[in-house]
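Take a look at the structure below.
Every number here is computed from the coordinates shown, using simple stated rules; none is lab data. Everything numeric here is computed off the predicted structure, so don't read it as measured data. A quick note on method: Cβ atoms are made from the backbone with ideal geometry, for glycine too, and the neighbour counts reach across all protein chains shown.
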Amino acid sequence: MNTAHHALDARLIDALAGSRSSTRLRAALIAGSQPHPGLLEPLIARCATELDFFVRDMLTWALVRHPAEATVPRLLVELGSASAQARSQALHTLSKIGDPAAWPAILPLLNDDDAEVARSAWRAAVALVAPGHEAALAERLATQLGRGDDEMQLSLSRALMALGETVPSLLSAARGSDDPLARAHAIATERLLSDPSAEFAPALEHAKRIASTGVEPTGEPGC
């Protein structure tokens, strides 16, 4: 590494930890515009602590700009981090890189205790699923039906909807679950499959009434 490049890296590393989000954003932009091996560790470390959404997004872009053969193995290590944000950001970045080699490492995080990590794992798994494994992934995801708030359930519904023809039968089976939340979520997802333009929150409330009573209310969801 020449002296000028070393000095630039040092300034960027300092800027990535700056007190102003605009400074960190610009540093991440430069790091992605001028990728260098010496910036990989600082970028990944910052992903685990960065609070600003736009800076996190730029950090991901900067990492994607680095060679996958260096970035992917390091991100796979982050999947085992004690930090939920580190795991979530690593999953997000892996999904953007698109290297199928990451697929097996994502599977253990599909039911992560942290909601944001689980959501990131669902999205990454759908993006990187190995050909021929779509049905198996759908089965794994269906075990999470009913989990979390409306936003989390919508994320799972969208992931399932991307996995093809086995999903309707899984949802039909989930209608018989002992868990009323899982039943309602399955019904609401069926609604989205039949009408992707439907709003999820009204569909879920409608589905909860069906799941709790076993009777289809009259009128459309939200009425």
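Numbers for the structure displayed
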read-out: Loop-located GluC sites (Glu not before Pro) in region 135-166 whose Cβ has at most 16 other Cβ within 10 Å (DSSP); value: E165
read-out: A82 versus S21: modelled label distance in nm, points set 7 Å from Cα along the beta carbon direction; value: 2.8 nm
read-out: Neighbourhood charge, 12 Å Cβ-Cβ cut-off, centred on S95 and excluding it, Lys, Arg +1 and Asp, Glu -1; value: +2
read-out: Helix 200-213 vs. the chain, principal-axis angle (Cα, 0 to 90°, nearest 10); value: 40 degrees
read-out: Packing-based exposure ordering (other Cβ within 10 Å, fewest first) of W122, W61; value: W61, W122
read-out: Cβ-placed point charges (K, R +1; D, E -1), dipole of region 4-138 about Cα centre in debye, nearest 20; value: 400 debye
read-out: Label point distance in nm, E69-F54, each placed 7 Å from Cα along Cα→Cβ; value: 3.7 nm
read-out: For the chain, built as a Gaussian network whose Cα springs stay under 10 Å, the top-fluctuating residue of R11, R65, R123; value: R11
read-out: Among P100, N111, P42 the positive-end extreme of the charge dipole of region 1-113 (Cβ point charges); value: P42
read-out: Counted charge near A162, where neighbours are those whose Cβ lies closer than 10 Å (Asp, Glu -1; Lys, Arg +1); value: +1
read-out: Degrees, to the nearest 10: 150-161 long Cα axis against longest axis of the chain; value: 90 degrees
read-out: Degrees, to the nearest 10: 180-194 long Cα axis against longest axis of the chain; value: 80 degrees
read-out: Computed over region 121-223: relative contact order in percent, which uses C-alpha pairs under 8 Å that are six or more apart; value: 22 percent
read-out: The chain - percent relative contact order, Cα under 8 Å, separation 6 or more; value: 11 percent
read-out: For the chain: rounded, prolate or oblate by the Cα gyration tensor [a/c cutoff 1.5]; value: prolate
read-out: Sequence-separation-based contact order of region 1-90, relative, with Cα cut under 8 Å and 6+ spacing, percent; value: 25 percent
read-out: Extension gain, R11 back to E199 (0.36 nm per residue minus Cα-Cα distance, nm); value: 63.0 nm
